[in-house]
Number of protein chains: 2
Amino acid sequence: MSEAPYQVIAAELRRRIEAGELRPGDRVPSTRALVRDFGVAMATATKALQVLQSDRLVHASPGVGTVVGPPPRSRRTTAGPDDVPELDRDEIVRVGTAIADAEGLAALSMRRIATELGVSTMALYRYVGGKDALVVQMVDAAIGEFPLREVPGDWRDAVTAVARVHWAAYRRHLWLASAISLSRPQLVPRLLPHTDAVVRALRRFGKSATLSATISLFAYVRGIALVMESEAHAEQDTGVTADEWADRQSDQLAAMIAAGNLTAFQELLADGFDYDYDLDQLFEFGLAIFLDGLAARLR
Amino acid sequence: MSEAPYQVIAAELRRRIEAGELRPGDRVPSTRALVRDFGVAMATATKALQVLQSDRLVHASPGVGTVVGPPPRSRRTTAGPDDVPELDRDEIVRVGTAIADAEGLAALSMRRIATELGVSTMALYRYVGGKDALVVQMVDAAIGEFPLREVPGDWRDAVTAVARVHWAAYRRHLWLASAISLSRPQLVPRLLPHTDAVVRALRRFGKSATLSATISLFAYVRGIALVMESEAHAEQDTGVTADEWADRQSDQLAAMIAAGNLTAFQELLADGFDYDYDLDQLFEFGLAIFLDGLAARLR
DNA sequence: GTAGTACGCGTACGATGTACGTGCACTATG
DNA sequence: CATAGTGCACGTACATCGTACGCGTACTAC
């Protein structure tokens, strides 16, 4: 009476284990190895191992192999109503955004996200293509938080409104400025309406100028946002604000100014002039200048 | 988390000094003594003493020992003609810049630099504080390549000249835009004359406006430079130019435009309008707008 | 009962920056 | 001159990263 192939294999493995050839912690041959060695198909080998598993002689560890010894813990309840927050792309993007908001893009890692979600690292890769793709998604989601409401009819008001919305987004997500791409619009679908609104407001300038002005505007806003970002990071890394830092280094700066004969700079900083580093004001100032310049072109 | 051995030792010695157990002129335990007493290796003991030395709590006298008290004089020995500068900071900065120019900041690694110099990785750390410090040096050196010659007397010409010099620097070193810090001027000494020139040209606007306008200007130039950088990298990574990419994705873009009812955008791109993505022109355009806006303020 | 296939994801690899520890050259002293 | 003791130069090793690879499982078809 010939036994079924999977039972033959199971018996052979059982013999090796009981003979001590395979000891607890050792890995029994994988299904693929059994396929090769015994000339059987995959599921046959699988079945053989399953026999041993149901005898609690071995247990299977996905990614590791089937190792000798009883299962350590049966934690995975697999079934169940999944009352735990389900993992999906939006959830990953949300957690990634939270990390980047709090600690900057540099602190964003796939492992970190996985840990915070209580999930294995590689599980993330089912929902996002990779880290770069995730960041692009994050950018799109961040922009999407600031949709355009009604855009004013006046061109200047319209441009101002869009620029302020952008500024608000940069302010809310400091990492956004260094992650966004202005030259590949398809990647950030939710940015398109903003571009459209600016183009619409500026179209009287003629096609070429309209596009140039639009890009210039966005480049400027991002430029200021990057100042804000690097400032914030420097502050977080060193625990020193810009003002404190300026105070601390003022001697050194003064020396350099003196050495370079930088009289205008010196004059500006003299008299205890205290420039309050208000980036909101700075943003509005530059925006107004830019729009004044555009307005001058209409005359 | 327990501190590193050398820090433990340093703390202990510091305690003894501050408690008066060791007084100025006394000799602290030699490295060998520390090796015996603390059961550590020689260099660990050395490091511990170095910590105290950098705090100016003690100073080392070769052949005598390390004695309590500040160093009497820092007499730069520097003997030796050093006629063969095999490795020095400038050389490291030069190689690092070459790598970043060719392949971007992301390709810059300490190992890479060391390999290209035919030197061990850690040897670099004798000349530069670390990668961040190296990048700062690179930024300074890059700016230093573009010193200001004569700055025109007219304020508008002067600002234009400085902005163009910056633009040239960004053009030459694509990584520069994302590495430069505009908010911590001391780190980039050779940037100060540029700032000074702009401040001088704009001082008639009043102190606060002068500073705002200066920062806005630099932020704008960097903003455009970043567009150029990301464009160049995207091109290098994917092997696809912006135009080719636009062509390839035009259907997708058109679909998104249609879906969002982005009529102005659509109109702009219609008629086979071919915007030649000339960033030099773009830069000049935005600069002129900005200066027009400033000029309008003078009236 | 056996075989083939699709799929989720754990392990491990090749990078990175650099802290830490070591061996050796050299100096001042006796 | 001998030598104790210093400080310099730098190799090793670690913690961390993104993600390719290939495992075990579940399912369908025969």
(message) Looking at the structure I just gave you, is A:Leu105 within 16 Å of DNA strand C (Cβ to nearest atom), within 14 Å of chain B (Cβ to nearest Cβ), out of contact with any Asp or Glu (no Cβ under 8 Å at 6 or more places or on another chain) and closer than 20 Å to B:Val227 by Cα?
(response) yes
(message) If A:Val58 satisfies all but one of (1) crowded, with 17+ Cβ neighbours inside 10 Å; (2) modelled with pLDDT of 80 or more; (3) within 12 Å of DNA strand D (Cβ to nearest atom), what's the number of the condition it fails?
(response) (2)
(message) I'd like the residue in the range B:186-197 that is farther than 18 Å from B:Val159 by Cα and at the interface with another protein chain (Cβ under 7 Å from one of its Cβ atoms) and, out of all such residues, is modelled with the highest pLDDT.
(response) B:Pro189
(request) Return a yes/no flag: does the range A:145-157 have any residue that is of a type in the set (Lys, Arg), under 15 Å from the mean Cα position of the chain (by Cα) and modelled with pLDDT of 90 or more. (result) no
(request) Specify the residue that is farthest from DNA strand D (Cβ to nearest atom); the eligible residues are those in the range A:39-55 that are more than 18 Å from A:Arg16 (Cα to Cα) and not hydroxyl-bearing (Ser, Thr, Tyr). (result) A:Gly39
(message) Every residue in the range B:110-130 that is in a loop (DSSP other than H, G, I, E, B) and either exposed (fewer than 12 other Cβ atoms within 10 Å of the Cβ) or at pLDDT 95 or above (or both), please.
(response) B:Gly118, B:Ser120, B:Gly129, B:Gly130
(request) Out of the residues in the range A:131-179 that are assigned to a loop (DSSP other than H, G, I, E, B) and acidic (Asp, Glu), state the one that is nearest to A:Arg203 (Cα to Cα). (result) A:Asp154
(message) Give all pairs with beta carbons closer than 7 Å in which a residue from the range B:103-121 that is touching a residue at least 12 places away in the same chain (Cβ under 8 Å) meets a residue that is away from DNA strand D (no atom under 11 Å from the Cβ) and among the small types (Gly, Ala, Ser); count only pairs at least 6 apart in sequence or on separate chains.
(response) B:Leu105/B:Ser178; B:Leu105/B:Ala179; B:Leu108/B:Gly96; B:Leu108/B:Ala100; B:Ile113/B:Gly96
(request) Please find, within the range B:217-244, the residue that is modelled with the lowest pLDDT out of those that are more than 18 Å from A:Val227 (Cβ to Cβ) and facing another protein chain (nearest Cβ under 7 Å). (result) B:Ala242
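Yes or no, residue by residue, for (1) surrounded by 20 or more Cβ atoms within 10 Å (Cβ to Cβ); (2) of a type in the set (Asp, Glu); (3) modelled with pLDDT of 95 or more; (4) more than 28 Å from A:Val159 (Cα to Cα):
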site	(1), (2), (3), (4)
A:Asn261	no, no, no, yes
A:Ala264	no, no, no, yes
A:Ala270	no, no, no, yes
A:Asp274	no, yes, no, yes
A:Asp278	no, yes, no, no
A:Gln281	no, no, no, no
A:Leu287	yes, no, yes, no
A:Phe290	yes, no, yes, no
A:Gly293	yes, no, yes, no
(message) Just checking, does the range B:205-216 include any residue being closer than 24 Å to A:Ala259 by Cβ, at pLDDT below 90 and outside any helix (DSSP H, G or I)?
(response) no
(request) Specify the residue that is farthest from DNA strand D (Cβ to nearest atom); the eligible residues are those in the range A:14-38 that are of a type in the set (Val, Ile, Thr) and touching a residue at least 40 places away in the same chain (Cβ under 8 Å). (result) A:Ile17
(message) Only one of B:Gly130, B:Gly153, B:Gly118 is within 16 Å of DNA strand D (Cβ to nearest atom), of a type outside the set (A, V, I, L, M) and within 14 Å of another protein chain (Cβ to nearest Cβ). Can you tell me which?
(response) B:Gly130
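The values are calculated or read from the model by the stated rules, or taken from the named source; none is laboratory data. None of the values given here were measured: they were computed from a predicted structure. Quick reminder, even Gly has a Cβ in these numbers, built from the backbone with ideal geometry, and neighbours come from all protein chains shown.
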